[in-house]
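Report on the following structure.
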Amino acid sequence: MKRTSLYLAACVLLASCGGQDDELRDWMTAARKDIRPVTNTLTEPRTFEPFVYADRDQVDPFDPAKLANALRKLASKSNNGLAPDMNRRKEPLESFPLDSISMVGIISRGSVRTALLRADSVVYEVRLGMHAGENFGEVTKITDSDITLNERVQDASGEWVERISTLELQEGKK
């Protein structure tokens, strides 16, 4: 008896759940009738037309000998005396960009001035003629408030040009 009443209650509960979906199904059917799919027409793909290099008797633009000749002419033309010595041993401060180096002080020993430069939390002593920065910067002047560097950089045409940069004393900054 208990079993039949349990089955009867389950059937009544399941029957009451089925009627709520009818309204939703009617709305979906009406919405499907009103919606029209939008399809864009695709244009015909262009056919590939290969380029035929028919001027075999003219100079090949990709000839390695022609490129080597042009590089040789460029190298002979750009000897303006400003090119840095590439065989010189690099100094420690030349591995840092100039904007990451800061001047933190100077030391005077008689007539010789030494600048104190900080790069990557390490303080270096720099004298006239030493190098700093990635652009072959040579220290040309040390004053109480700044140091002057003469940098050598290449311009757009590959020529070496000089550029003057300064590092000012950073007082009270860490």
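Values in this text are rule-based calculations from the coordinates and carry no lab data. Since we're looking at a predicted model, the values are computed, not measured. No Cβ is skipped: glycine too gets one built from the backbone with ideal geometry, and neighbour counts run over all protein chains shown.
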Inset, instruction - Please list 22-30, 115-123, 39-47 highest first by mean number of surrounding beta-carbon atoms within 10 Å per residue. - result: 115-123, 22-30, 39-47
Legend entry - Amide H contacts of Tyr124 (H built 1.01 Å from N, under 5 Å, at least 5 apart or other chain): Leu117, Arg118, Ala119
Legend entry - Principal axes of the range 92-168: Cα extent on each, largest first, Å: 44, 27, 18
Legend entry - Radius, Kirkwood style, for the chain when every pair of distinct Cα atoms is counted (Å): 25.1
Inset, instruction - For helix 2-17, report the angle its Cα long axis makes with the longest principal axis of the Cα atoms of the chain; keep it between 0 and 90° and round to the nearest 10°. - result: 60
Inset, instruction - Only Lys, Arg, Asp and Glu count, each charged at its Cβ (+1, +1, -1, -1), so figure out the dipole size of the chain about its Cα centre, rounded to 20 debye. - result: 580
Inset, instruction - Provide the packing ranking of 85-92, 126-133, i.e. peptides ordered by the mean count of other C-beta atoms within 10 Å per residue, highest first. - result: 126-133, 85-92
